[in-house]
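Enquirer: My questions will all concern the structure given below.
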Amino acid sequence: MIDILYFAWVRERIGLAREQVDTQAATVADLVEELRAREERYALAFSDLSALRVAVDQDLTDFDAPLAGAREVAFFPPMTGG
Amino acid sequence: MRIVVQENPFDLGAEANAFAAGRTDMGAIVTFSGVVRDDPAHPLRQMVIEHYPGMTEKALEKIAAEAQARWSLGDVLVIHRFGPMRPGEMIMMVATAAPHRRDAFEAAEYLMDYLKSRAPFWKKEQGAEGDAWVAAKDEDEDALTRW
């Protein structure tokens, strides 16, 4: 099981802040494919990956990052701190 | 190094004084504070900042540690708020202490450039025309290339 977290408009579009997913996905991109196939709201949220960033276990990474051993994956738009 | 992520307002003067107090070997203290800015053309009721608890602190610590590795600094302070705030309220501050001013200025700029696009905060503006997430700017990403 992996915890998946959504922030900002990704959270709003999917309608959830976090959920647990039982997945065998090998990479973040594979996980995104599984989520897209679920429902329209996921397909919409993940329609343009260039507009999204991903963190695995709270470290920024890429969509081709492996998920082996990962406990937490977060999807969000580019950050706007400061 | 001190990293604070909090919902409540902070007192810039008190924080700057506490940060500077008791240092006899630091010739330069630089502070920067970011403020919620209203736009008369699009009046802002409030800004709401969302963040990623856990990752936020880790990301800020990493950015501050990198600044300490690159410049000769005595100390670094970062305070960043989340939650709702009104125009004129302070969102965040950084402070750097260094023996000489160039290190203090450059490190403060570095901290700002990185925490704008590498610390997991998201701003939403709420105004008369509705709510809108603030989009990241290409120039903020480009600013990282100079470091």
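The values are calculated or read from the model by the stated rules, or taken from the named source; none is laboratory data. Owing to the predicted nature of the structure, the values given are computational and were not obtained by experimental measurement. Glycine also receives a Cβ, built like all others from the backbone with ideal geometry; neighbour counts cover every protein chain displayed. For accessibility, only protein heavy atoms count, side chains too; no ligands or nucleic acids. Shrake-Rupley method; radii C 1.70, N 1.55, O 1.52, S 1.80 Å.
Enquirer: Out of the strands (runs of 3 or more DSSP E) lying entirely within chain A, which hold 2 or more residues that are at positive phi?
Expert: Answer list for chain A: none.
Enquirer: So, of the residues in region B:110-124 that are of a type in the set (D, E, K, R) and out of contact with any strand residue (DSSP E or B) (no Cβ under 8 Å at 6 or more places or on another chain), which turns out to be nearest to the other protein chains (Cβ to nearest Cβ)?
Expert: Residue satisfying both the conditions and the ranking: B:K116.
Enquirer: Residue check: is B:A143 at pLDDT below 95, more than 11 Å from chain A (Cβ to nearest Cβ), touching a Lys or Arg at 6+ places or on another chain (Cβ under 9 Å) and more than 19 Å from A:F76 (Cα to Cα)?
Expert: no
Enquirer: Before we move on, is B:F82 aromatic (F, W, Y), under 25 Å from A:D57 (Cα atoms), open to solvent by less than 60 Å² (accessible area, probe 1.4 Å) and more than 9 Å from every other protein chain (Cβ to nearest Cβ)?
Expert: yes
Enquirer: On to the next question. Can you find a residue in region A:58-74 that is under 23 Å from B:E125 (Cα atoms), in contact with a strand residue (DSSP E or B) (Cβ under 6 Å, 6 or more places away or on another chain), modelled with pLDDT of 95 or more and not charged (D, E, K, R)?
Expert: Scanning region A:58-74 turns up at least one residue that is under 23 Å from B:E125 (Cα atoms), in contact with a strand residue (DSSP E or B) (Cβ under 6 Å, 6 or more places away or on another chain), modelled with pLDDT of 95 or more and not charged (D, E, K, R).
Enquirer: Any idea which of B:E66, B:E129 is over 13 Å from A:G81 (Cα atoms) and in contact with a His (Cβ under 7 Å, 6 or more places away or on another chain)?
Expert: B:E129
Enquirer: B:I91 passes all but one of (1) assigned to a helix (DSSP H, G or I); (2) without any contact (Cβ under 8 Å) to a residue 60 or more places away in the chain; (3) at the interface with chain A (Cβ under 9 Å from one of its Cβ atoms); (4) open to solvent by less than 40 Å² (accessible area, probe 1.4 Å); which number fails?
Expert: Here B:I91 clears every test but (1).
Enquirer: Looking at (1) away from chain A (no Cβ under 14 Å); (2) at pLDDT 95 or above, which is the only condition B:H42 fails?
Expert: Against the list (1) away from chain A (no Cβ under 14 Å); (2) at pLDDT 95 or above, B:H42 comes up short only on (2).
Enquirer: Go over the candidates A:L31, A:L52, A:L16, A:L44 one by one and state the one that is without any contact (Cβ under 8 Å) to a residue 12 or more places away in the chain and either away from every other protein chain (no Cβ under 14 Å) or surrounded by 12 or more Cβ atoms within 10 Å (Cβ to Cβ) (or both).
Expert: Step by step, each of A:L31, A:L52, A:L16, A:L44 is checked, and only A:L16 is without any contact (Cβ under 8 Å) to a residue 12 or more places away in the chain and either away from every other protein chain (no Cβ under 14 Å) or surrounded by 12 or more Cβ atoms within 10 Å (Cβ to Cβ) (or both).
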